[in-house]
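Scroll down for the structure; my scribbles are underneath it.
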Amino acid sequence: MGASISADGLERIDPPRGERAPILAVLRERTRAEHGAIERSLGLMSDTLSRGEYLRIVERFHGFWRPLEQRLAQTSGLAATGVDPASRQRAHLLLADLSALNEDAAPEPAASPLCADLPFVGSVPAALGAMYVLEGASLGGQLISRHLRARLGITPERGGRFFHGYGERTGEMWRAFGAAVSALVLTAEMEDAMVQAAVATFRTLGQWCEGTPATS
Ligand code: HEM
């Protein structure tokens with residue numbers, strides 16, 4: 001057991017890791033409300049989802065994923081955890097989807113606005129908390145992908161690559177991410193930093209999709 005100063009400045013006694021809930025369960029529980037909120041506000045599973053609404057979501061996701069992935073690539077020490085952000089980058093899939101959806105003019109990366117109000121990912125716990133959200137989107141993506149095909153005729157080959165995610169490898173990729181995160185020895189302070197980053201990632205993405213925060 002050890003003492004540490006948490007983000008709120010209070011000293012706390014860290015119980016040994018075994019006495020706390022597994023970190024993935026903690027992340028799921030403490031972001032449940034944010035997941036529900038973004039699921040509702042995006043309306044991706046709506047029976048009335050239009051091609052235009054979907055296109056806007058892809059555009060906003062691209063504006064969030066691309067700069068956040070760039071920051072994650074700069075977080076030192078992340079690859080040593082066994083989670084390689086480079087192999088999990090998916091902003092290029094969003095760009096490919098934008099090109100497929102705007103058949104006449106493939107947009108340049110700079111053409112769609114990029115979010116400047118990103119969550120902090122400068123430490124390994126914060127980066128993993130943000131990646132929990134980005135990676136988790138591939139799970140719901142499996143349902144969304146089927147809905148896009150049924151409702152709008154959008155297939156992975158024609159505008160639906162991002163939500164198709166890792167395809168058949170989605171479960172495997174999620175388990176590998178979970179295993180790497182679960183294997184870390186985390187203090188309560190690191191766990192808090194991870195949860196805070198996950199919550200902030202859901203919230204900033206949600207606000208960005210609603211069109212409120214600043215662009216770069
Ligand atoms: C309409 C939109 C969405 C739907 C219907 C949806 C649905 C789901 C479903 C069904 C799961 C559980 C999958 C499983 O256990 O195999 C899941 C997990 C998850 N989703 Fe979503 N999702 C949506 C959007 C998002 C978005 C936009 C994000 C992040 C940006 C996200 C992040 C996550 C995360 C982090 C998990 C993992 C939860 C855990 O710890 O088990 N989801 N989602």
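The values are calculated or read from the model by the stated rules, or taken from the named source; none is laboratory data. Keep in mind that this is a model prediction, so the values were computed, not measured. Virtual Cβ from ideal backbone geometry, glycine too; neighbours counted across all protein chains shown.
Listing for the model above:
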| quantity | calculated |
| --- | --- |
| Flag for residue 150 being away from the ligand (no atom under 11 Å from the Cβ) and either of a type in the set (D, E, K, R) or part of a helix (DSSP H, G or I) (or both) | yes |
| Filter result for residue 135 (within 19 Å of residue 84 (Cβ to Cβ), modelled with pLDDT of 95 or more, buried (at least 16 other Cβ atoms within 10 Å of the Cβ) and among the charged types (D, E, K, R)) | yes |
| So residue 167, is it surrounded by fewer than 15 Cβ atoms within 10 Å (Cβ to Cβ), out of contact with any helix residue (DSSP H, G or I) (no Cβ under 7 Å at 6 or more places or on another chain) and without any contact (Cβ under 8 Å) to a residue 40 or more places away in the chain | yes |
| Residues located in segment 32-80, provided they are in contact with a strand residue (DSSP E or B) (Cβ under 7 Å, 6 or more places away or on another chain) and within 13 Å of the ligand (Cβ to nearest atom) | 64 |
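Residues checked against (1) within 29 Å of residue 143 (Cα to Cα); (2) more than 16 Å from the chain's Cα centre (by Cα):
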| site | (1), (2) |
| --- | --- |
| 174 | yes, no |
| 180 | yes, yes |
| 184 | no, yes |
| 197 | yes, no |
| 209 | yes, no |
